[in-house]
1. Using the Kyte-Doolittle scale, find the helices of chain D whose mean hydropathy is at least 0.5 and whose Cα atoms extend 15 Å or more along the helix's long axis, counting only whole DSSP H runs.
2. May I ask which residue of C:Leu475, C:Ser374, C:Thr83 lies farthest towards the positive end of the charge dipole of chain C, with charges of +1 (Lys, Arg) and -1 (Asp, Glu) on Cβ and the Cα centre as origin?
3. Tell me the mean residue ellipticity at 222 nm calculated for chain C from its helices only (DSSP H runs of n ≥ 4, each -39500 (n - 2.57), averaged over every residue, nearest 500).
4. With everything on Cα atoms, drop me the angle between helix C:52-65 and the longest principal axis of chain C, reported from 0 to 90° to the nearest 10.
5. Dipole magnitude of the range C:345-510 about its Cα centre, charges +1 at Lys/Arg Cβ and -1 at Asp/Glu Cβ only, in debye to the nearest 20?
6. Taking only DSSP H segments of four or more residues, each worth -39500 (n - 2.57), what value at 222 nm results for chain A once the sum is divided by all its residues, to the nearest 500 deg cm²/dmol?
7. Between beta-carbons, use under 14 Å as the cut-off and find the net charge around D:Val210, counting Lys and Arg +1, Asp and Glu -1.
8. Sort C:Arg496, C:Arg85, A:Arg323 so the one with the fewest other Cβ atoms within 10 Å of its own Cβ comes first.
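Just so you know, all these numbers are worked out from the coordinates, no wet-lab data involved. Quick caveat: nothing in here was measured; it's all calculated off a predicted structure. Note that we place each Cβ from the backbone using ideal geometry, even for glycine, and neighbour counts take in every protein chain shown.
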Amino acid sequence: MAEKPKVALYWCASCGGCEEAVVDLAEAILDVVAAVDIVFWPVALDFKVSDVEALPDKAIAVSFINGAVRLSEQKEMVELLRRKSQLVVAFGSCSHLGGIPGLANLWDKASIFDWSYSKAPSMEPGATTRPMTKIQVPEGELELPEFWDTVKSLNQVIDVDYYLPGCPPTPKLIANAVQAILTGKLPPKGAVLAGTKALCSECDLNETKPDKLLIQDIKRVTEVQLDLKKCYLAQGVLCMGPVTRSGCEALCINGGMPCTGCFGPVQESPDYGGKALSFVASIVDLEDPARAQEVLAKVADPTGIFYRYSLPTSKLGRKKMPRRK
Amino acid sequence: MAVVMEPPKEAQEAWEPRIVAFFCNWCTYAASDLAGISRVKYAPNMRIVRVMCSGRIDPSFVLEAFRDGADGVLIGGCNPGDCHYKEGNYKTMRRAMLLSQMLQDLGIEKERFRLDWICASCARELQTTVNHMTADLKRLGPLNWKGV
Amino acid sequence: MNPPAEAPRIGVFVCDCGFNILGVVDVPAVVKFAAALPGVVHAEEYKYMCSDPGQDLIKKAVQEHGLNRVVVASCSPTLHERTFRRVVSEAGINPFLFNMVNIREGVSWVTEDKVQATEKAESLIDAGVRRVTLQEPLEARSEPVNPNVLVIGGGIAGMHASLSLANANRGAKVHLVERQPSIGGNMARFDKTFPTLDCASCILTPKMTEVKIHPNIRLHSYSEVVSVDGYVGNFDVTIEHKPRYINEDLCIGCLKCIEACVFKDARFPNEFDLGLAKRKPIYIPFPQAVPTKVLIDPHDCLYLRLGTCKKTCIDACEKDAIDLEQKPDRVSLKVGTIVVATGFKPFDARRKPQYGYGVLPNVYTALEMERFLSPTGPTEGVPLLQDGRKPETVGIIHCVGSRDKNTNEYCSKVCCMYSLKLAHLIKERTGAEVYNFYIDMRTPGKGYEEFYERLLSEGLKVIRGRVAEVTKAALTRAEKDHLIIRAEDTLAGFVRRIPVDMVVLAVGLEPQSDTQELRRMLNLSCGHEGFLQELHPKLAPVSTATDGIFIAGACQGPKDIPETVAQAGAAASEALSLIHRGVVEIQPYTAVVNEELCSGCKVCIGMCPYDAIGYDEEKRVVHVTEVKCKGCGVCAAACPTGAMDQQHFRKELVMAEIAGVI
Amino acid sequence: MTGYLYYPGCSLKGSGAPYEKSLLAVFSALGQELKEIPDWNCCGATAYLSVDQDMAVAMAARNLAIAEKLDGQDVVAPCSGCYLSLAKAKATLAEYPDVRARVTAALGKASLPYEGRVAVRHPLEVLLTDVGPEVLKKRVTRPLKNLRVAPYYGCAILRPYPGVPSPQAPHSLEDLCRVVGATPVDYPNKARCCGGMLTAGVQSVGLRLVEILLCEAKAADVDAVVTTCPLCQYNLEVYQERICKAKGKDVRLPILYFTQLLGMAFGLDDHALGMDQLLRVPLVAPCAGVKA
């Protein structure tokens, strides 16, 4: 019997949701397990790093790596998996774009530690302990991975073959990806395994949109009784559909929530935040500066909203910290 | 790594801030021509990229300019109500409102990104705007995004 | 993306522009820099790129080096982009594979430091080369030019332009719109004109009649242009005919209705006479008015104001031309070109309170004096004091409101000359002693200085000094019951006090009060003083930044009648050249949508004030109606996925320029 | 702080005392606080400027700096000369960075930082704009019916730093006259020079200028001339006798401060208005007890 292709799954700076998504395949997971031989899946199976190191290079058919890269240890692991795998797939928004952890790029190590280990309300006042990468203890030397100032997406650390977008990727998308890999019917290297157009092309509510999509006010989801049969954007609720890649079949929108952009930008315009900001500011149809300022101020945190998943892979990538005195 | 070290003194003296200026063809670019015709001199730090309307300027262009090494970005457009295409500059105004907030969130000081309405006959205003911005940037020092 | 064109072979031509560029920018160094840029196979310098030899240089280089893209670094594209595009296309290259880098108005004329100027020029050329490398071939769209012309303003400028256009007999209509009841403008108010002392109406009335009877001119009197849309060659214009309460086709100007009016005496101020003479509610502005039709002022007429009147005017009218229920009516029409000739308004002398206008008796503005001197004016040509006596001494004050930091800094060009003319006429009609108070006697035109010499020989007294004040506080018996003009006589070196009977204020010229609305309607811009802005002060004085719209006369700045008529002719010929060509090239900067990427999100549709973008229900994508698109690019910037882009200003081109300039 | 900071200047403590008395009386009658600047110093007047510009500007600016230290918004300078010096100092410091550097350095040594926030204003303008004609009219208890008044502005509060609106054709005094029921006459020489220092230095010219103003007022058959400056008041009043003798013309006329005119209309006590310190007062019929 032909050897089953070996598959590895690993998680870096992630919330575990992508692991959940694999389990979400429900029964379909059985077909997958039947078809492949999972050789490394820390969250579910007890294989050790040494097992992976023992494999010859390129032994693994495909590694699904989720989570952003923020520690030196994660860098070592993904580099190991890269050496051992024919294909590496960036699984989910964090590895694809930097994801929610990527928002940490609005700070740096010093300010994060300063908050978490001193200023946070849960810390006693005056606490000054800090994690150390090396410490001598009677038993010997303990090590911790290095904590970087900047969170990176997977392709900023290793060469990535394909991207499975989404936070998390939808079970259907995962199944299709696995199928494509098994059958070898794959698009050219570097492709994002989802739609090529923006979400509006896939969303049923697009027909309800007036021809001139112009809004006079911005409302948060909690401030309005959304008509679920009509395009949310036309009702003044920020929906990132127009700027987000399709492929999720408008899962959130069918669940009554506007799209927040987890599938990331389409190929043509790599910087998601710049494009999102442009279209939102353009459709708020107000000419009086004071009124416009008042409404646009309701976009409480433009950087956070427009770069929710993609700050590390944006044009500027991170915040430039002010020089410390 | 994220803490940018102060460049040595003399390097700072030789350093000249670079301003990328997106000017709309009908008003601010015409003002720059008029400045030329009337020999109204201004700091050479500004480089003009001409577009047909200030509404053509995609915020991504501004992000691109900062990432590529600009120390300041200036958008010049017609006064509200004067746009050659009726209402292009209103979109510029709104985009600039959100963009200046985002740039400050990303650590880019307020003075580095300016939107100024400069009409076709306002050569003097263009001169003061460019000179003031250059002075501000000299005070702030290089942005040097590549070093971030 | 289109299939990649063959490898770029770029030629860069750097212009010295005499010393304009060479004087500040190290052109040889720039040429060396350009030659080393990727894609550049040929770079050279020449004294005047825009000259014929310069243009031939390009053509020769294209052949010799097999160039397929050209960059010219010289002056502003607004000046010579079209010239060089023609040269490039004659050399066999698509005119849009050409890029112009502004190193004159953009660098040499605005930079002192030579090193920094050269560095700036180099980085702009770097940007220009990177841009031209990615530019795609395009075809300028040509649109037919509607032969009809709209002329706004029926003064001497508007009339002359209309006649020149109509006489070209292109079978097209000239629509002349005048908001006053009669054409003639301010010139109709003058008695004589300098320096020849031609009687204004003698040279104006024939032209007015010619306009009235010309088959190719449709006169819209007592009307205003309400809206103008469209673009060069295809303007949609809406004109509103204000109600005269007279049916123009029936009224033959017999004026019987005026006599019959219930108001036996004329008691309402006549605007044409600046309120110095009176008229009835039903009136004609002045005897030679064209069209010779009466009109009724709704604020004065009893019936129109209060609804009760014997309406004797209707009975008196044999033609039954009076229609008191008349409403304003609007007419829409299509024209290809527009000539704006809306003239000027005089400076309001009340803004110089120290000259006592409107406070002291016998202080008049120059325009009011023109009416006094006019035979059809309130005093039939002989200026009189308020008590009916002829003035024995008259003071004319120059530069009222002009060359003055507190009001208008510019010189209004014509006041010295018309003040001399007024001085001559006043002396002739009243024998009065005339004093002209001037700062500099400006007599620049043909025959102007000779006119001044003649006036001096006739005994005109001129005092050089800005008048400080006109007061009636007499200090000596001689000054009693006189207006005393106090001025420092800078040639004699002491302050003079000249008692006079009458003062004439030579008020300067200002833009019309509604220039801002007119400007917005036509998409034009104004200079700092508020006059309409020409495309180029020297090379394109009657063109504007908006193709197809031309300006002539005082609306572009203060000028005398000869210069106004010259500009009117120029504007007419510019319009005619467009009409003759019959087609006009529209820059192919229109928006273009990539259907593989368009998600149908409709964000762009709302961006377009010209409704040039529509939604295709089946394909669920948007499409652009090229003829409606003006090429502003706003939709491209708003498109969330970059599906919409603007030809010749595509994302890659702008990004390339950014990379180049940094 | 609320209310206005008051810069008296030396005249109002000397020959201009009636101006100060009536000013304070009127402002307090209107409930407007007028707080004298503590430790104010001489404004330098015009004389000092010709000696040393920095010193002259610093002297005037010191008063402004004290006002700023008290966090005041407006400094009211009734005497036209002081108004001009303070306004000139403020403008010079705003326009000339080198002068500003030297003067602020000097003031800094006296721990008096100066940023140019405080405004220099004239009481006539304050009364007509901040208080306003309606409020003034309500306070008038004794309208000065058929009192004919010649409004005289002098020069310093008109140019180059206009203290009242429309400096080319001022009308504030006329407005004030109408508020108090008096009739302002058309007085063309209202902005002609009063002789200033020339009445002391070059008497032939100075007295001639005073004579022109008085004859003009006499010709207009007025009951009083109203002025805004202690020097103008002094010149127009003190030399009347000499001109009468020298020219054999009766040019005697009461010369009032506009604050006295207002005070009279408010029905305030004459002594409080310093009326008794004038050489002559207008015969105002209804108020008995006012000396001829």
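1. Working: long enough: D:17-29 (18 Å, 0.62); D:53-69 (23 Å, 0.28); D:80-95 (22 Å, 0.36); D:97-109 (18 Å, -0.12); D:203-219 (23 Å, 0.83).
Once both thresholds are applied, what remains is D:17-29, D:203-219.
2. Of the options given, the answer is C:Leu475.
3. Numbers: 16 runs with 178 residues, N = 662.
After summing the helix terms and dividing by residue count, I get -8000 deg cm²/dmol.
4. Around 10 degrees separate the two axes.
5. Working: 25 positive and 22 negative charges, 56 e Å.
Dipole magnitude for the range C:345-510 comes out near 260 debye.
6. When only DSSP H runs of four or more count, the value is -7000 deg cm²/dmol.
7. Every neighbour counted, the sum reads +4.
8. Ranked by crowding around the Cβ, least crowded first: A:Arg323, C:Arg496, C:Arg85.
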